[in-house]
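Student: Sharing a structure here in structure tokens format.
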Amino acid sequence: MCPVPSSLALEPFLHTLQVHGLKLARERTTTLQVNVGLLCNQSCLHCHLLAGPGRAEKMSADTAEAVIAYARRSRFETVDITGGAPELNPNLVRLIEGFSAPYRRLMFRTNLSALNDGTREYLFDLLKIHRVVVVASFPSLNEAQADSQRGKGAFLSAISALKKLNAIGYGLEGSGLEINLVSNPAGAFLPASQKEMEKRFRQILKQRFGIVFNHLFTFANMPLGRFRRWLVRSGNLEAYLSRLASTFNPCAVDGLMCKTLVSVSWDGYLYDCDFNLSRDLPLGGQKVHVSEMKGRPQPGSPIAVAEHCYTCTAGAGFT
Amino acid sequence: MGTYYNPEDLPKFPDIGQEVPELAQKFFDYYNAVFAEGALTAREKALIALAVAHTVQCPYCIDAFTQSCLEKGSNVAEMTEAIHVVTAIRGGASLVHGVQMRNVAQKLSM
């Protein structure tokens, strides 16, 4: 395995914030993001968590109950289930049922291929019953480009899953069932304009496959985990980090998701975001278990930052 | 000078304005206006630029507009097709001059 440099000579992110007269502090936390584990059926090259089939980390039944209880006592408006592939966690049904509440927007992130592996047809119905918002990875309209990032067959499996979701009402006007796509670049470059990409994806998916969706979000790849290793191996790390830092957009800071989100790991510890989880930079600088949290993190409390935060402030930003 | 083309030279392009700055300013203003979203999208303009870059064989432009095309959402298949378009025109431009060759040859031949 090639050595992975921990840092290059970038201006510290905190200093860049200060230069622009900005401060990154927590506002009212509305979203609980729940990472149910690193086990995944894919080993995507862009994954900031090194998730894959060989990973054993997964949220236990006890931790799942502790996280459900935390979501209930804090009455988070949004709960966002992610992984790894959340489908591979044996407690997923309990988590969806436990988080489901009339006042809450429940989101479920999927790579689509795990959902559509032929063994989880019940999940399609469960998502529909609880009106879960599906957030599906769909990096590219080009099969070769998508498969190069996510593994052979990923593109066609995603197309098939999207058709199934459409067939049960997801993405259809008036159904109240929402499906959003997430596209990230297939390499060491920034994402395209979200507005333009959404327009193209909508037109081409409808035209070629008859697929509809609600929204498309474009995100830059985080220079952490497997993606960082690929950046090093391909000789792109320095140029990519420079690109992120040189496109720092002070206006993006205001809308950063870490101001209103708290992320809980598969073992029940809290972080400002899933990327800080990957770097093991805990909320408030020390590991606190979800069972010890009385409520939401306090507004005004500082957010842990590092070099990777340049990804969320590059260009239009990652909000 | 180890090589005529050096990737580190590309970011120095604005330095050309250190001499005759008013002309450089006019050029860069025009350049930026050309690539702004218009009747053509910025993605379409980047694809045209990439294709032309191959025709004028400018390594700086190929480097810059490959990245630009990717960041505007084009994929390698689309970028390759764009290059084929200019290749066809470039090759066709040579071939169509064969008509002149034929005209001359016919005039000179019995």
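The values are calculated or read from the model by the stated rules, or taken from the named source; none is laboratory data. If you're wondering where the values come from, they're calculated on a predicted model, not measured in any experiment. Here the Cβ is made from the backbone with ideal geometry for all residues, glycine too, and neighbour counts use every protein chain on show.
Student: Please tell me if A:A239 is under 20 Å from A:Q194 (Cβ atoms) and either within 15 Å of the chain's Cα centre (by Cα) or part of a helix (DSSP H, G or I) (or both).
Tutor: no
Student: Also, quick follow-up: Say whether the condition of being modelled with pLDDT under 95, of a type in the set (K, R) and over 19 Å from the mean Cα position of the chain (by Cα) is met by at least one residue in region A:138-153.
Tutor: Yes, because at least one residue in region A:138-153 is modelled with pLDDT under 95, of a type in the set (K, R) and over 19 Å from the mean Cα position of the chain (by Cα).
Student: Somewhere in region A:292-308, is a residue modelled with pLDDT of 95 or more and hydroxyl-bearing (S, T, Y)?
Tutor: No, that holds for no residue.
Student: Which fully enclosed strands (runs of 3 or more DSSP E) of region A:24-120 have 3 or more residues being more than 27 Å from A:L256 (Cβ to Cβ) and free of Cβ contacts under 8 Å to residues at least 60 places away in the same chain?
Tutor: Hits in region A:24-120: none.
Okay, residues lined up against (1) among the hydrophobic types (A, V, I, L, M, F, W, C); (2) under 22 Å from A:F275 (Cβ atoms); (3) modelled with pLDDT under 95:
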position	(1), (2), (3)
A:A9	yes, yes, yes
A:F13	yes, yes, no
A:R28	no, yes, no
A:S43	no, yes, yes
A:V79	yes, yes, no
A:N91	no, no, no
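Student: Let me ask something additional. Within region B:25-79, can you find the residues that are within 13 Å of chain A (Cβ to nearest Cβ) and of a type in the set (V, I, T)?
Tutor: Passing the criteria: B:T41, B:T66, B:V76.
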